[in-house]
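Visitor: Mind having a look at this structure? Questions to follow.
The values are calculated or read from the model by the stated rules, or taken from the named source; none is laboratory data. Predicted model only: the values in this text are computed from it and were never measured. Cβ placement follows ideal geometry from the backbone for every residue including glycine, while neighbour counts extend to all protein chains displayed.
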Amino acid sequence: MPHDPQALAELAGKTMYERDPASQALGMTLDVIGPGHARMRMRVREEMLNGHGTCHGGYIFMLADSAFAFACNSHNANTVGAGCTIDYLSPGRRGDMLVAEASEQALSGKTGVYDVVVSDQDGRTIALFRGKSHRVAGHVAQVDEGDAHAAA
């Protein structure tokens, strides 16, 4: 594995994003990744609106869940969600650029806790998400010891 945790997080993020058609299809981008941290964004499109003319909560949840997934896999250990909650605080509107900032709060053994704040382009908090993770077998990206510097 690369000795540089940042290089490893970037490799894991790149590898995961390339294999993530769901996030790609919604136009999500992975803007920042580091050990235990990820920031993703998504523009609210017309087809994401609900009957009230605001962003459907499922899309907000998907953005938060994707940021959570990238943050908890940033250590390059295959990690899945074990549970989560979300609180919707403000509506997202058509054209808004939603940003999900995921941060590791605790990591012990095979379990972790991550908080995700979803906000709009003006910094207004749209939702708060908390996810619990569980590590499973394997790695996101395969890296040889000798590739430590090449992975950066």
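Visitor: Which strands (runs of 3 or more DSSP E) does region 55-120 wholly contain that include 2 or more residues that are of a type in the set (Val, Ile, Thr)? Talk me through it step by step, then tell me what you get.
Guide: Values: elements: 77-88, 97-108, 111-119.
In region 55-120, 77-88, 111-119 are the strands (runs of 3 or more DSSP E) which contain 2 or more residues that are of a type in the set (Val, Ile, Thr).
Visitor: Turning to a different aspect of this structure: Out of Arg93, Arg135, Arg130, Arg45, report the one residue that is within 15 Å of the chain's Cα centre (by Cα) and without any contact (Cβ under 8 Å) to a residue 60 or more places away in the chain. Please lay out each step first, then the result.
Guide: Numbers: Arg93 fails: within 15 Å of the chain's Cα centre (by Cα); Arg135 fails: within 15 Å of the chain's Cα centre (by Cα); Arg45 fails: within 15 Å of the chain's Cα centre (by Cα).
Sole residue among the options that is within 15 Å of the chain's Cα centre (by Cα) and without any contact (Cβ under 8 Å) to a residue 60 or more places away in the chain: Arg130.
Visitor: Can you name every residue in region 116-126 that is over 16 Å from Leu30 (Cβ atoms) and in contact with a Gly (Cβ under 8 Å, 6 or more places away or on another chain)? Please lay out each step first, then the result.
Guide: Going through region 116-126, the residues over 16 Å from Leu30 (Cβ atoms) turn out to be 117, 119-126.
Result: Asp120, Ile126.
Visitor: Sticking with this one: Being small (Gly, Ala, Ser) and touching a Leu at 6+ places or on another chain (Cβ under 7 Å) is true for just one of Gly51, Gly13, Gly57, Gly34. Which residue is that? Spell out the reasoning first.
Guide: Working: Gly51 fails: touching a Leu at 6+ places or on another chain (Cβ under 7 Å); Gly57 fails: touching a Leu at 6+ places or on another chain (Cβ under 7 Å); Gly34 fails: touching a Leu at 6+ places or on another chain (Cβ under 7 Å).
Just one listed residue meets the conditions, Gly13.
Visitor: Let me ask something else. Do you know which residues across region 78-108 are farther than 24 Å from Asn50 by Cα, aliphatic (A, V, I, L, M) and crowded, with 17+ Cβ neighbours inside 10 Å?
Guide: Ala102, Leu107
Visitor: For the condition surrounded by fewer than 20 Cβ atoms within 10 Å (Cβ to Cβ) and at pLDDT 95 or above, what is the one hit in Leu128, Leu63? Show your work before the answer.
Guide: Numbers: Leu63 fails: surrounded by fewer than 20 Cβ atoms within 10 Å (Cβ to Cβ).
That would be Leu128, the only listed residue that is surrounded by fewer than 20 Cβ atoms within 10 Å (Cβ to Cβ) and at pLDDT 95 or above.
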